[in-house]
1. Gaussian network model of the chain, Cα springs within a sub-10 Å range: biggest mean-square fluctuation belongs to which of Thr118, Thr74, Thr17?
2. What is the antiparallel percent of DSSP beta bridges lying wholly in the chain, to the nearest 5?
3. For the range 1-41, with all protein chains present and a 1.4 Å probe, just round the carbon and sulfur fraction of the accessible area to a whole percent.
4. Determine the per residue accessible area of the chain with all protein chains present and a 1.4 angstrom probe, expressed in square angstrom.
5. Can you compute 3J(HN,Hα) from phi for each residue in the range 14-19, using the Karplus curve 6.51 cos²θ - 1.76 cosθ + 1.60 with θ = phi - 60°, rounded to whole Hz and x for Gly and Pro?
6. Lys and Arg at +1, Asp and Glu at -1: add these up for the other residues within a Cβ distance under 12 Å of Ser8 and post the number.
7. Using θ = phi - 60° and the Karplus form 6.51 cos²θ - 1.76 cosθ + 1.60, what ³J(HN,Hα) does each residue of the range 38-51 get, whole Hz, x for Gly and Pro?
8. What is the set of long-range amide H partners of Ser110 at a cut-off below 5 Å, with H atoms built 1.01 Å from backbone N?
Amino acid sequence: NPTSDPVSLGELALADTDAVNGGPKLADAARFPKDTSIQPGEHLVVLCGQAAGDGVGPHGKCGSGGPDTCYYATWSVSAKNGEKVFLLSPDDAVIQEAEYPKDAAANGDSWGRFPDSTGDFAETKPTPGEANSLP
């Protein structure tokens, strides 16, 4: 959150691409709980490929080197094929979408905005819960 105010994510969702229609795959969207927000200067981590029974969260198991709190999504982004990730409103309208190109970040790096939050998408170092930086 690059602003000086908290940003509410309550009831917004993240979704990957539906292979049939190219839009968001609504059935697997990870919807944030109503009280979810990002405080000024904070980052939010969503771990993909998690078990559906675990729910979206928040969770305290966030991977090695990650933050104390994160959220889970059941879907994963295909690095081999590329796809889009969608931010959805509470009524599933697309607020924003980001393309993860085919073979982007193929060496175990991440794909994020650089400079953090404002720049174009680029290959970045894995920095879970912290600002993006170049490899």
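1. Thr118
2. 90 percent
3. Heavy-atom surface of the range 1-41 belonging to carbon and sulfur, 1.4 Å probe: 53 percent.
4. Here the per-residue accessible area is 58 Å².
5. Values, residue by residue: 10, 9, 8, 8, 7, 5 Hz.
6. Neighbourhood net charge equals -2.
7. Using θ = phi - 60°, the values come out as 10, 6, x, x, 8, 10, 10, 10, 10, 8, 8, x, 9, 5 Hz.
8. The list, which skips near neighbours in sequence, is Thr124, Lys125.
The values are calculated or read from the model by the stated rules, or taken from the named source; none is laboratory data. Please read these numbers as outputs of a predicted model, since none were measured by experiment. Note: ideal-geometry Cβ built from the backbone for every residue, glycine included; neighbour counts use all protein chains shown. Heads up: the accessible areas ignore ligands, DNA and RNA and are worked out on the full protein's heavy atoms, side chains in. Shrake-Rupley method; radii C 1.70, N 1.55, O 1.52, S 1.80 Å.
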